[in-house]
Amino acid sequence: MADVDQLLRYLKERDGSDLHLVSGLVPRIRRNGWLEPVEGWQVQNADAMRRLLAAVAGTKRWEEFETSRDLDFAYGLEGVARFRVNYFCQENGPTAVFRMIPEIILPLEELGLPPAVEKLAHLRQGLVLVTGPTGSGKSTILAGIIDRINTTYARHIVTIEDPIEFVHQNKKSVLSHREVGSHTNSFAPALRAAVREDADVVLVGEMRDLETIAMAITAAEMGVLVFGTLHTNNAAKTIDRIIDAFPADQQEQVRITLSESIAGILSQLLIPGADGKQRHSAIELLLRTPGLPNVIREGNTPMIYSIIQAGKSAGMQTMDEALLALVKAGKITPQDAHARAAEKQKFEALLKPGAAGAAAGEGGHGAPGGAAAPATERQAA
């Protein structure tokens, strides 16, 4: 176990986000979005890897892993951090990924988010979705929002995660942390129970199946403020993903209930910096407006972009607007922005030699509303 602890300290010292332990390879860390080998370590064969991982997991978890061939749990190393751990088997033997969860919950102001994101912490009810690819910082953003609620309001907050990541101390609110597998069998029953537990706020770590999605919408309809995550890249795709999760004969009713419960959607991408030294966050933010329910009920999700653009005064912005601001600030390359843009033609002129420099010269030193503030690896939980 000391060997793995040594690697985890190495990960933190180099401001990395993930440790990869793969049978047959030298250990690697992810830093600035890229994998790099750990200095001074040799290839670990399957037997060596099995000893390393068994020591960290403990007897009960290791037996579970040998039976199921997959394992998720949290591991804490005092003075370093907590880690979200996944064990799995592959061709060459047992393998693991340790993702660092920062010990300190960062305030929203330090995450480089548009100021309007704070509005999500002051909602009383509804469904709020934080979306993005794996490793894009969803958990860190949600931790910041929950912390703001905790320091501002006297509410009962229930978190349902697999495993528990950020551990919040009781401030003005009362926190109940529940871990799937240890405290409940799955997300949906825990979410259903939260309504009976007089929860004001519920955090659902993953909305991974139809039952959980349906229960999250129902809880929001009943007056609970529900936060959940999905692996989508923008608001329109998020709405479509939820609707498409239901059978065709239920989708019309789901559009109605979702239109009444949705309170906001925040999508984040972490993009390599132009200097190659850090990553920057691009945020799309949709807040509830009087016109949003009609758009959802009618299935006219392309109109969501018009709603966001019309809501700029309220702090809303599209992903393309955030990407463009980052390019103009010289923080990401036009090529990276173009690859992630929804309307790529808007970025094609920036791909011409010298165009990015000219754009940076006229674009000022940052994105409107703080959209182009930097996000380092500590936000990638």
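Quick notes on this structure:
- Summed residue charge, Cβ within 13 Å of Asp275's Cβ, Lys/Arg positive, Asp/Glu negative: +2
- Other residues with beta-carbon under 12 Å from the beta-carbon of Ala245 carry, at +1 per Lys or Arg and -1 per Asp or Glu, a net charge of -2.
- Its residues counted as N, the chain yields a C-alpha radius of gyration over 2.2 N^0.38 Å of 1.02.
- In the elastic network of the chain, a GNM with C-alpha springs shorter than 10 Å, the most mobile of Arg28, Arg50, Arg84 is Arg50.
- Distance between the pseudo-spin-label points of Gln253 and Arg192 (7 Å out from Cα toward the beta carbon): 1.6 nm.
- Of the DSSP H helices in the chain, those whose Cα atoms cover at least 20 Å axially and whose Kyte score averages -0.5 or more: 138-152
- For Asn170, neighbours were defined as the other residues whose beta-carbon sits under 13 Å from its Cβ, and their charges (Lys and Arg +1, Asp and Glu -1) total +2.
- If you sort the three axes of the alpha carbon gyration tensor as a ≥ b ≥ c, you get a/c of 1.5 or more for region 224-263 and a/b no higher than b/c, which makes it oblate.
- Cα-based reach from Lys312 at 17 Å (exclusive), listing aspartates and glutamates while leaving out same-chain residues under 8 positions away: Glu118, Glu284, Asp320, Glu321
- Potential extension, Ser182-Gln169 segment - 0.36 nm per residue separation minus Cα distance: 2.7 nm
- Mean separation of Cα pairs under 8 Å and 6 or more residues apart, divided by the residue count, gives the chain a relative contact order of 16 percent.
- Rounded to the nearest 500, the helix-only mean residue ellipticity at 222 nm of the chain stands at -10500 deg cm²/dmol, with each DSSP H run of n ≥ 4 adding -39,500 (n - 2.57).
- Mean-position separation - Cα centroids, region 27-88 and region 269-347, in angstrom: 36
- Tail weight of P(r) past 24 Å, computed on alpha-carbon pairs of region 127-223, percent: 14
- Spherically averaged projected area of region 143-198 from its Cα convex hull (nm²): 3.6
- Kirkwood hydrodynamic radius over Cα pairs of region 2-101, then Stokes diffusion coefficient at 25 °C and 0.890 mPa s, in µm²/s: 182
- Length gained on full extension, Leu351 to Ala314: 10.2 nm, using 0.36 nm per residue less the C-alpha separation.
Just so you know, all these numbers are worked out from the coordinates, no wet-lab data involved. Just so we're clear, the structure is a prediction, and the values are computed from it rather than from any experiment. FYI the Cβ positions are ideal-geometry reconstructions off the backbone, even for glycines, and counts take in every protein chain you see.
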